Amino acid sequence: MRDNKGRRKNAELEKLNSVEKPAGIFRTTLSYNEQSMLCHFKLTRGSAVPLHNHEAVQHGYVLSGRLRFLLNDGKSFIAAAGSSYAFDPWEHHGAEAIEDSEVLEFFTPMRPEYADN
């Protein structure tokens, strides 16, 4: 349900459409306002998010599967089901799905480009 400003204040994952971008990565934006945003991601094995950065602080929690997170300095770390992680504003990061995976991610401030589903 959206409020009078177009923000999604509550939703059920199963009732929302997902957006595939990049290939093999499906994002569903669950809820957001001007300050923050919560998204659900499904990543298919072998899919990848290229190295990037953004203004928003990003916190994540791996619900299932395993991912390799890549950092700008060439280092990486593995996050498996039950792991959490955080990236600072403008911190370069990317990801590769080692297995089919599901993640919840929280952004602050919200990412306007993710308000599209």
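Highest mobility in the GNM of the chain, judged by mean-square fluctuation with C-alpha springs under 10 Å and restricted to E91, E34, E14, is found for E14. With the simple spin-label model, which puts each label point 7 Å out from Cα in the Cβ direction, the Q35 to A81 separation comes to 3.4 nm.
Viscosity 0.890 mPa s, temperature 25 °C: what is the translational diffusion coefficient of region 13-114 from Stokes-Einstein with a Kirkwood Rh over Cα pairs, rounded to a whole number of µm²/s? The calculation lands on 181 µm²/s.
The lysines whose alpha-carbon is closer than 21 Å to the alpha-carbon of K5, local same-chain residues fewer than 8 away aside, are K15. Within a straight-line Cα-Cα reach of under 15 Å, K75 can be paired with the following aspartates and glutamates, leaving aside sequence neighbours fewer than 8 residues apart in one chain: E91, E96. Once the chain from E14 to D88 is taken as fully extended at 0.36 nm per residue, the excess over their C-alpha distance is 23.6 nm. For the chain, modelled as a GNM whose springs connect Cα atoms under 10 angstrom apart, the maximal fluctuation among D73, D88, D100 occurs at D73.
Readers should treat all values here as calculations from the given coordinates under stated rules, not as data from a laboratory. Please read these numbers as outputs of a predicted model, since none were measured by experiment. All Cβ positions, even for glycine, are placed from backbone atoms using ideal geometry, and neighbour counts span all protein chains on display.
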